[in-house]
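The values are calculated or read from the model by the stated rules, or taken from the named source; none is laboratory data. Treat the numbers as computed from the prediction; the structure is a model and nothing was measured. Don't worry about glycine lacking a Cβ; one is built from the backbone with ideal geometry, like all the others, and counts go over all protein chains shown. Areas reflect the complete protein model, heavy atoms only, side chains present, ligands, DNA and RNA absent. Shrake-Rupley method; radii C 1.70, N 1.55, O 1.52, S 1.80 Å.
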Amino acid sequence: ATEALLVVRDPDIEPEGPIADMLSTLMPFLKDSCRVQEWPGTRLLYDDANVAMLYRYQTSPELAQALISMRPGLLDWLHPEAPEDLCFIRADGSPILVTISHEKGAYLLLTKDEKARLDQGFPELAATLTPDAS
């Protein structure tokens, strides 16, 4: 993945507390942020006023370490204690790992080559994955 995404709900309210601290720690990796109604795995409903702030980060070993140190589990990224829905995106913009924290869900979208590398390098993990039926 070349980018990581995190989302903060209620973009009209300045983040504070733990969320503000985390965003500050991640600032050196920030590429951009924007108001959105949709991101991988989630689409906000209701009206055009229902938006969130999406933060896009450049991946690196240092970013990975910072993320792990703040929240060791993928589904630990949950409002109001943290930004939510950590996702990883390929260079072409397609998602590779999607989390939907408030629904306690996560999934991988792997190419055949990525799946083969996962099978070879991490067979125990690969054995726990359920292939998409489509």
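With respect to (1) in a helix (DSSP H, G or I); (2) modelled with pLDDT of 90 or more; (3) of a type outside the set (S, T, N, Q), the lone exception for Leu125 is condition (2).
The criterion of being surrounded by 13 or more Cβ atoms within 10 Å (Cβ to Cβ) and among the acidic types (Asp, Glu) does not hold for Glu62.
Among the residues of this structure, Asp76 counts as one that is under 28 Å from Tyr55 (Cβ atoms) and surrounded by 11 or more Cβ atoms within 10 Å (Cβ to Cβ).
Conditions (1) in contact with an Asp or Glu (Cβ under 9 Å, 6 or more places away or on another chain); (2) at pLDDT below 90; (3) basic (Lys, Arg); (4) assigned to a loop (DSSP other than H, G, I, E, B), marked per residue:
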| position | (1), (2), (3), (4) |
| --- | --- |
| Asp12 | no, yes, no, yes |
| Asp21 | no, no, no, no |
| Asn50 | no, yes, no, yes |
| Met53 | yes, no, no, no |
| Gln65 | no, no, no, no |
| Ala82 | yes, no, no, yes |
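Scan region 86-107 residue by residue and report those that are among the small types (Gly, Ala, Ser), outside any helix (DSSP H, G or I) and open to solvent by less than 30 Å² (accessible area, probe 1.4 Å). Within region 86-107, Gly105 is the sole residue that qualifies. As a summary of the residue check, Leu110 satisfies the conditions (1) open to solvent by 70 Å² or more (accessible area, probe 1.4 Å); (2) part of a loop (DSSP other than H, G, I, E, B) except for the one numbered (1). With respect to the stated conditions, Met53 is free of Cβ contacts under 8 Å to residues at least 60 places away in the same chain, among the hydrophobic types (A, V, I, L, M, F, W, C) and crowded, with 18+ Cβ neighbours inside 10 Å.
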